[in-house]
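These notes concern the structure reproduced below.
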Amino acid sequence: MPRTSSTRTPGSAVTLQQVATAAGVSLATASRVLHGSGGRRVAEALAERVTAAAAELRYVAHAPAQSLARSRSTVVGVLVHDIADPYFAAIAAGAMGVAREHDLMVLVANTFRDPALERDYLARLRAQRPARCCWPVPRSSASRSPRRWRRSPTPAGASPPSAGTAPESTRSSPTTTAAAA
């Protein structure tokens, strides 16, 4: 396998360019192998060199870059009042189970029942452009949330609605509010 000296500093993430250089292939070829981009097939020998270089360098894809390139996120945001409360823990666990079925990751934020913190976390989460965002809130809190955040269509490429909502067994007392990014 062709090798060149790495310009990587300790603690920094390995880039796709470094994998391509280590494998002796172009950046586009490395991307096709590791991310399935470009829609073209790569020769098996090249693919093996790229995957070997990626494994040796311990390459991990940069999720935010992948989200930008594909125009979709793999993150589902869940805001809860108190994660230690079994009710909210069950909602978070249900969201994680459904998200896993759709190859999504759940980010859980605990608001400590603070409306200002809830709004702050929601704004921060929406800035991350999640595939879905849900937060089980009392009806009074839901009525104060902006209308466009309560119910909006799923954006193109986002997860199905079930991936952003609580499981059926946990939908009894609070309203599960889903907001699409």
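The values are calculated or read from the model by the stated rules, or taken from the named source; none is laboratory data. Just so it is clear, the structure is predicted and the values come from calculations on it, not from any experiment. Cβ sites come from the backbone with ideal geometry, for glycine too, and all protein chains shown count toward neighbours.
The figures follow:
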{"item": "Leading residue by the ranking (surrounded by the most Cβ atoms within 10 Å (Cβ to Cβ)) among those in the range 4-30 that are among the small types (Gly, Ala, Ser) and modelled with pLDDT under 90", "result": "Ser6"}
{"item": "Thr51 being closer than 29 Å to His102 by Cα, at pLDDT 95 or above and among the hydroxyl-bearing types (Ser, Thr, Tyr)", "result": "yes"}
{"item": "Failed condition for Phe112, given (1) modelled with pLDDT of 90 or more; (2) closer than 15 Å to Thr74 by Cα; (3) among the hydrophobic types (A, V, I, L, M, F, W, C)", "result": "(2)"}
{"item": "One residue from Ala65, Ala84, Ala55, Ala45 being under 28 Å from Pro136 (Cβ atoms) and of a type in the set (A, V, I, L, M, F, W, C)", "result": "Ala84"}
{"item": "Residue list for the range 81-135, restricted to those being on the phi > 0 side of the Ramachandran plot and acidic (Asp, Glu)", "result": "Asp103"}
{"item": "Meets criteria (modelled with pLDDT of 90 or more and of a type in the set (Gly, Ala, Ser)) for Ala92", "result": "yes"}
{"item": "In the range 31-44, residue farthest from Tyr59 (Cα to Cα) [restricted to those that are surrounded by 14 or more Cβ atoms within 10 Å (Cβ to Cβ) and at pLDDT 80 or above]", "result": "Val42"}
{"item": "The range 15-33 residues that are in the same structural domain as Glu56 (by TED's automatic domain parsing), paired with ones that are charged (D, E, K, R) and surrounded by 20 or more Cβ atoms within 10 Å (Cβ to Cβ) (beta carbon under 8 Å, 6 or more apart)", "result": "Ala23/Arg49; Gly24/Arg49; Val25/Arg49"}
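So that you can scan it fast, the table gives a plain yes or no per residue for (1) touching a Leu at 6+ places or on another chain (Cβ under 8 Å); (2) outside any helix (DSSP H, G or I):
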position	(1), (2)
Ala13	no, yes
Ala22	yes, no
Val33	yes, no
Gly38	no, no
Ala47	no, no
Ala54	yes, no
Leu68	no, no
Ile83	no, yes
Val98	no, no
